[in-house]
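Okay, so here's the structure we're looking at.
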Protein chains: 2
Amino acid sequence: MATIYFLMGVAGVGKTTIGKIWAKQLNLPFIDADDLHSDSNIEKMKRGIALSDEDRWPWLTKVHSAAVAEGSTKGAVIACSALKAKYRALLVGGLPEAYWFFLDANKETIQDRLKTRQHHYMPASLLESQLATLEIPEEAIHIDTSLSLDEIILFMQQSVALRNARIGVIGLGIMGTAISRNMAEKGWQLSIYNREVPDKEESVAKHATEVYPILSTALAFNELTAFVKSLGKKQYIFMMLPAGEATTMLIKALMPLLSAGAIIIDGANAFYKDTEMLQKQLAIKGIHLLGCGVSGGEKGALKGPAMMVSGNKQAFEVVAPLLKCIAARNGSGNSCCKYIGSEGSGHYVKMVHNAIEYGEMQLVAEIYSLLSIGLALDDASIATIFKQWNETDLESYLLQISGDILATKHNGAPIVSLISDKAYAKGTGSWATQEAAKLGVPSGMFTVALNTRFLSGNLAVREWVQQYIGVINKNMNTSPIDISLELIEEVYKLVRIWNHQQGFALIMAAAKEYGWPTVSLATITDGWRAGCIIRSTLMDILAAGFTTTDNLLEIDYCKRVMKNNYSSLVKLAANSMEAEIPIPIISEALQSILQYKQKVLATSLIQAQRDYFGAHGFKWKNKDTDNFQHHNWEF
Amino acid sequence: MATIYFLMGVAGVGKTTIGKIWAKQLNLPFIDADDLHSDSNIEKMKRGIALSDEDRWPWLTKVHSAAVAEGSTKGAVIACSALKAKYRALLVGGLPEAYWFFLDANKETIQDRLKTRQHHYMPASLLESQLATLEIPEEAIHIDTSLSLDEIILFMQQSVALRNARIGVIGLGIMGTAISRNMAEKGWQLSIYNREVPDKEESVAKHATEVYPILSTALAFNELTAFVKSLGKKQYIFMMLPAGEATTMLIKALMPLLSAGAIIIDGANAFYKDTEMLQKQLAIKGIHLLGCGVSGGEKGALKGPAMMVSGNKQAFEVVAPLLKCIAARNGSGNSCCKYIGSEGSGHYVKMVHNAIEYGEMQLVAEIYSLLSIGLALDDASIATIFKQWNETDLESYLLQISGDILATKHNGAPIVSLISDKAYAKGTGSWATQEAAKLGVPSGMFTVALNTRFLSGNLAVREWVQQYIGVINKNMNTSPIDISLELIEEVYKLVRIWNHQQGFALIMAAAKEYGWPTVSLATITDGWRAGCIIRSTLMDILAAGFTTTDNLLEIDYCKRVMKNNYSSLVKLAANSMEAEIPIPIISEALQSILQYKQKVLATSLIQAQRDYFGAHGFKWKNKDTDNFQHHNWEF
């Protein structure tokens, strides 16, 4: 199959130089799209006039024809700016295989290059309009042209080699198996490995190749050395083990088996500090570890999860075709595999994803309480309400599955009524609370959700309170209370926004504190629009909004809901309290908004107390730039 | 001055053996109180009958006379069981200087010894009654008799040497200076040290000896080597630097200057993990680091703080006379310096102390809001109410100083109205939230207090909310709301108990998780009855209660208040919400109690969600011992 390699990017980025070398390496013809411009286009550019779509169309058609011609024989390398997605769609039409490299550089570097360039019709002045026109390609291999030519060519070789490489997958639990099947479905060759534990985990990898036809051609291993050997020289390994010790131990065992240039992708819910520690240790041997938060559960892993990746950017670009190919795609057609930033930022963002998820789950549970206790509705009726809401801007994956769950019966009874209410938690929710406390970010929403899980298992205190203070049985509320379905719906909308707001505030605080300049809420939310557990219509709205602001509250929809629904929040909280319906996360939202509403908080008394007993000092009102004052409290 | 050394403890613990060696070492006469028993007492004991107070009194008087006689000449070593505090009071009456060693051992060891003992009138059967009679002496040097005789004698020498040693103090900030003055007041010889920083910290130690007459005989240093040299062979150093890097750096600088056996007491608010790391590093050189949480602010440090000490128990016993002597004394006459346990447990307990303090401060601030916004009272009137409450079981140091503060005017205006409401926080509050999240302990009370401080400084969000949702000015509440002073008082009492409950739950969880078996809530609260910032009548009640239970809720007073005041909490929360008075910590208390009251929590829906998207499994109700179930959610 003949491949056309496109090198794209704005003028001056090095398309021709790199393209010629690349073509020579592969022994393919090189086509410079610039050579195919009409005289009128060249004239226009010489005069510093930007080309219009109409100017470009005949030219692009010419380039496309050349590509088709070469594609039918041995392939070619084509240098072409291809700034817009629709240009690229035109160019690849009907080609057997196209491979895109996007050459990227900062504006200053390009300007310098353009200035020194002789005999070219493209004046430096046109750069601005090119940069404005450029739609950065999601799918292309991004090449950092600040690297040396040798480094760039090596990187291009690696990227192309990936497609022919055998990908390793370590850990065939629920998630690892699903990821393997996903990769195999998309045509990747696999070596799969699972450890051998007598009586517990025996021939797990081999078993997977027998159970799933799609994995029948995968090589199965229960011995690490043979597994690594099967990968050949290109060592790309996706790991899916329990976070923490299991992951760390395996990476230590892998280290002596791998060569410089190997790339490990850790898909576990690892603590970002652990990821960073391992990255440093592996870097000494020239091995890259990419932290990769994966969301979507088993189904997501199988059909397309959301993936939040961090670590060395070049290493990411090498394996990006693999990861982007197995990830979910959102409504705009973008892959939900996103590069977040350096170090452990991918796992960090996944941690916050889960914190928002904790808040969303707790909120749905409280809405359920309000409907079942407050409005005395049964599970089936609530399932119907959830389904109706899922046709509105309240739509979310978590609301959808909650509706499914409430509609489910087991032995004739609503299944939820049969399930123990002791809720469990893994690491991420707890870590998010710890991080927020560390960075000084209010975290009430997810901390309440976490604490609710903790206290659900605090049986001794539950028994004590029920014995000495009283017990509340569900549906014991006989007197109707003043809460309507509309009121609940309005509060649900508002509290969701507040919950998301706290999560994004934590991400921005971390990006600042830890020095992750590439972290972008627009990128992150674009990646959360599909595949992940907190995908929702709200996320679509936020993703669009974050393209122009980093402040969720400045997004029109959020502004409107917060403003319009606030009085419902007050009313619902007061009435629920009187009726003794627990609404910890809703109440927390109200309390924090209420505090923000105060012109003056009672915390000035706290500052005075701190100065009284500890001489910590306080500042005078409206003089926050002044030094701390100490009052001589004499009594 | 002639000293009488008493060796006390139950029969069979080694008083005579050790006492004889000790007497020989010091070239003093040895008196065995057992030799002074009357024939009738001996007869009684031989028959296995325990002595009564009446039996003991004439005997103790005889021992006392012997002590007085020897004390007037060169001193003596006396072995005497002296099981009760009143016996010991009788024994030391009129003595110039008495020195108490308490010989301690576990019951099994003593029983073994008693069995092999010949020619003694005391049958092993009387041990039980002796152990029941024993009141463990707070003030004595505790000797672990499981050590070898050589070790015991060395330890006794060190303890006695302490009194003649020159104590080092490092760091002469507010707290370090106050601690130095406190030590000097109690007659300890000091070497004091502060680093030299040109233009910032110049001759700080020397300056302190000039400013404070009590420090005029202290040796002042700004050079570490000379400072350590001045201590001679007994290197006991109290450090009071900012926690974290400053402390770590100085300890690293000290390390090469110190010899094995040196003891450093770190009085900073260190993170317990840092303390443990330093303890390990110092232990390699045989140097002991005692973590020592100090509470009480400058005044406490000067007049007697509460001190929570941890690390090597023997090292603690060596410096205990110093620390106990400068600490506060509570209403029962006990020193508020307490040994908490091994490793960093002292700093851990101090961290929780501060978390409770955060909750108490936030709660007072909310009570202030309720009184000022809800009841439209001015600061002076609220000060009066606080003073009145301080005559009741609501009495606390924090309430007292809050009354003082509200009664304070500055340029004619209530001072609190002039102070910026941006509240600051140092490490401990944040660490406590992080620890609770880590250990799975609900921490709503102190987390809310922490978050309130964070959000007070979140000016962008405050402005946004005030612009788009609305602003509330203090005293804008014109319509009277249905909250009475009595209602507020009842809620204040209840929420304080709930706040303390969360703190003690965290301590118990940590003791279990980290393996600190000696951690005792009775000991800790006895130490918090004076000197510290959260001392209060409630703490007196808790200290008494914890002698019989580790569960705060089982203490009668707490049980009563929780039961009787709960309905006031519901009423106050609902009404405050309607009136938009922020009460985050009160509301958090209600929400968590409300959740505990539920026979069934909505968290069963959360468990179903977790199983739906992540196959995490759930348990059937009332079958918590069963395995996790996975439902095949098909939609």
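Values as computed for the structure displayed
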| read-out | value |
| --- | --- |
| Considering only chain A, percent of DSSP beta bridges that pair antiparallel, nearest 5 | 20 percent |
| HN-Hα J in Hz across region B:215-231 - Karplus 6.51, -1.76, 1.60, θ = phi - 60°, x for Gly and Pro | 8, 5, 8, 5, 7, 9, 9, 10, 9, 5, 4, 4, 4, 5, 4, 5, 6 |
| Positive minus negative residues near A:Lys107 (Lys, Arg vs Asp, Glu; Cβ under 14 Å) | -2 |
| Contact order relative to length of region A:139-198, as percent, for alpha carbon pairs under 8 angstrom and 6 or more apart | 31 percent |
| Sites B:Thr549 and A:Glu97 - FRET efficiency at Förster radius 60 Å, r taken between beta-carbons, to 0.05 | 0.20 |
| Helix A:15-26 vs. chain A, principal-axis angle (Cα, 0 to 90°, nearest 10) | 70 degrees |
| Spatially proximal aspartates and glutamates relative to B:Lys493 (Cα-Cα < 18 Å; intrachain offsets below 8 disregarded) | B:Glu357, B:Glu360, B:Glu366, B:Glu391, B:Asp393, B:Glu395, B:Asp540, B:Glu554, B:Asp556, B:Glu588 |
| Rel. contact order, % - alpha carbon contacts under 8 angstrom, at least six apart, chain A | 10 percent |
| Inter-chain shielding of B:362-373 (mean C-beta neighbours from other protein chains, 10 Å cut-off) | 3 |
| Zero-based 20 Å bins, Cα pair distances in chain B, whole percents | 16, 43, 31, 9, 0 |
| Candidate aspartates and glutamates for bridging to A:Lys115, where Cα separation is under 17 Å - those fewer than 8 sequence places away on the same chain excluded | A:Glu128 |
| Subset of B:Lys280/B:Lys438; A:Lys299/B:Lys597; B:Lys15/B:Lys86 violating a 31 Å alpha-carbon distance limit | A:Lys299/B:Lys597 |
| Tail fraction, Cα-Cα pairs, region B:270-366, threshold 23 Å, whole percent | 29 percent |
| Computed label-point distance, nm, for sites B:Ile42 and A:Met249 using a 7 Å Cα→Cβ extension | 6.6 nm |
| Chain B - charge dipole about Cα centre, Lys and Arg +1 at Cβ, Asp and Glu -1, debye rounded to 20 | 1140 debye |
| Rounded percent of accessible protein surface that carbon and sulfur make up, region B:133-280, 1.4 Å probe | 55 percent |
| Percent antiparallel among DSSP beta bridges (both partners in the protein assembly as shown, rounded to 5) | 25 percent |
| DSSP beta bridge pairing in region A:247-354, given as percent antiparallel to the nearest 5 | 45 percent |
| Members of A:Lys200/B:Lys512; A:Lys273/B:Lys621; A:Lys563/B:Lys422; B:Lys20/B:Lys46 lying beyond 27 Å, as alpha-carbon distances in this model show | A:Lys200/B:Lys512; A:Lys273/B:Lys621 |
| Environment charge of A:Glu343, counting only residues whose C-beta is closer than 10 Å and scoring Lys/Arg +1, Asp/Glu -1 | +1 |
| Given charges at Cβ of Lys, Arg, Asp, Glu: region A:162-307 dipole, positive-most of A:Leu250, A:Ile263, A:Thr225 | A:Ile263 |
| Taking region B:256-376 and dividing mean pair separation by its residue count, relative contact order in percent (alpha carbons under 8 Å, at least six apart) | 24 percent |
| Distance between region B:418-470 and region A:254-310 - C-alpha centres, whole angstrom | 34 Å |
| Interface burial for B against A (accessible surface, 1.4 Å probe, total of both chains, Å², rounded to 100) | 11400 Å² |
| Positive-end residue of B:Ala574, B:Tyr612, A:Ser310, charge dipole of the protein assembly as shown with Cβ unit charges | A:Ser310 |
| Sites B:Ser259 and A:Glu463, calculated FRET efficiency, Cβ-Cβ separation with R0 51 Å, nearest 0.05 | 0.40 |
| Peptide-level mean, for B:578-590, of C-beta atoms on other protein chains within 10 Å | 5 |
| Charge dipole (debye, nearest 20) of region B:325-388; +1 at Cβ of Lys and Arg, -1 at Cβ of Asp and Glu | 360 debye |
| Whole-number accessible area per residue in Å² for the protein assembly as shown, which is evaluated in the context of all protein chains at 1.4 Å | 38 Å² |
| Spatial separation of Cα centroids for region B:163-234 and region A:169-191, in angstrom | 67 Å |
| A:Ala283-A:Ala50 pseudo-label distance in nm [points 7 Å out on the Cα-to-Cβ vector] | 3.9 nm |
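The values are calculated or read from the model by the stated rules, or taken from the named source; none is laboratory data. Just so it is clear, the structure is predicted and the values come from calculations on it, not from any experiment. Cβ: placed from backbone, ideal geometry, glycine included. Neighbour counts: every protein chain shown. Remember, those area values only see protein heavy atoms, side chains included, never the ligands or the DNA or RNA. Shrake-Rupley method; radii C 1.70, N 1.55, O 1.52, S 1.80 Å.
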